[in-house]
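Trainee: I'd like to ask you about the structure that follows.
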Amino acid sequence: MNNFLLTDDELIESIECASPWFVGLYMETFLNNLSFLSNRQYKNEFTNDIHRYDPILIEESILDIYNRVESLLRIIKGNRVKDALNIVIDYDTDSIYDIYARQESIYLLALINNGKINVPTFT
């Protein structure tokens with residue numbers, strides 16, 4: 001995975017493209033499976049599984065889900081995981097998905113800050 005500089009505007013754009021709830025709910029899964037997500041075949045299978053099994057996304061096109069996946073990977077490759085989680089935490093909404101994502105983001109950020117989950121650094 002190659003990294004690139006992700007500006008604040010690009011970070012916000014990536015979060016909006018993926019949706020804050022998707023960032024909050026899927027970030028830990030992506031971090032734990034990053035080596036597999038570097039493989040195109042596995043990433044395609046993973047995207048298909050999200051499409052098939054996530055009840056929120058089942059009606060979306062596979063291309064839309066692929067764009068969500070790529071946006072979340074862009075955040076990780078841009079070394080902006082903590083920033084993205086903080087944005088999800090501060091995201092003001094009453095949507096049940098966003099509220100759940102906020103709680104997951106708080107939990108994941110605590111795990112990262114306590115060294116229980118490592119966030120890769122791309123240089």
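The values are calculated or read from the model by the stated rules, or taken from the named source; none is laboratory data. If you're wondering where the values come from, they're calculated on a predicted model, not measured in any experiment. Glycine also receives a Cβ, built like all others from the backbone with ideal geometry; neighbour counts cover every protein chain displayed. Accessible surface areas use protein heavy atoms only, side chains included; no ligands, DNA or RNA. Shrake-Rupley method; radii C 1.70, N 1.55, O 1.52, S 1.80 Å.
Trainee: Enter the Cα centre distance for the pair segment 84-108 and segment 55-72, rounded to the nearest angstrom.
Mentor: Using only Cα atoms, the two centres lie 19 Å from each other.
Trainee: For residue 83 and residue 118, FRET efficiency with R0 = 25 Å and r from the beta-carbon atoms, rounded to 0.05?
Mentor: It comes to 0.90.
Trainee: Now for a different question. Tell me, what is the per residue accessible area of the chain in Å², probe radius 1.4 Å?
Mentor: The answer is 57 Å² per residue.
Trainee: If you wrap a convex hull around the Cα atoms of segment 38-99, how much volume per residue is inside, in Å³?
Mentor: In segment 38-99, the Cα hull volume divided by residue count equals 92 Å³.
Trainee: Moving to a separate point now. Can you tell me the FRET efficiency between residue 36 and residue 95 if r is taken as the Cβ-Cβ distance and R0 is 35 Å, rounded to the nearest 0.05?
Mentor: 0.75
Trainee: In addition: Take the solvent-accessible surface of the protein heavy atoms, probe 1.4 Å, and return the percent of it on the chain that carbon and sulfur atoms account for.
Mentor: About 47 percent, which is the carbon plus sulfur part of the accessible surface.
Trainee: Sticking with this one: Can you tell me the order of 70-81, 15-26, 89-100, 41-52 when each peptide is scored by its average per-residue count of other Cβ atoms within 10 angstrom, highest first?
Mentor: Ranked by mean Cβ neighbours within 10 Å, highest first: 15-26, 70-81, 41-52, 89-100.
Trainee: Give the span of the chain's Cα atoms along each principal axis, as three whole-Å numbers ordered largest to smallest.
Mentor: Dimensions of the chain along the principal axes of its Cα atoms: 36, 34, 29 Å.
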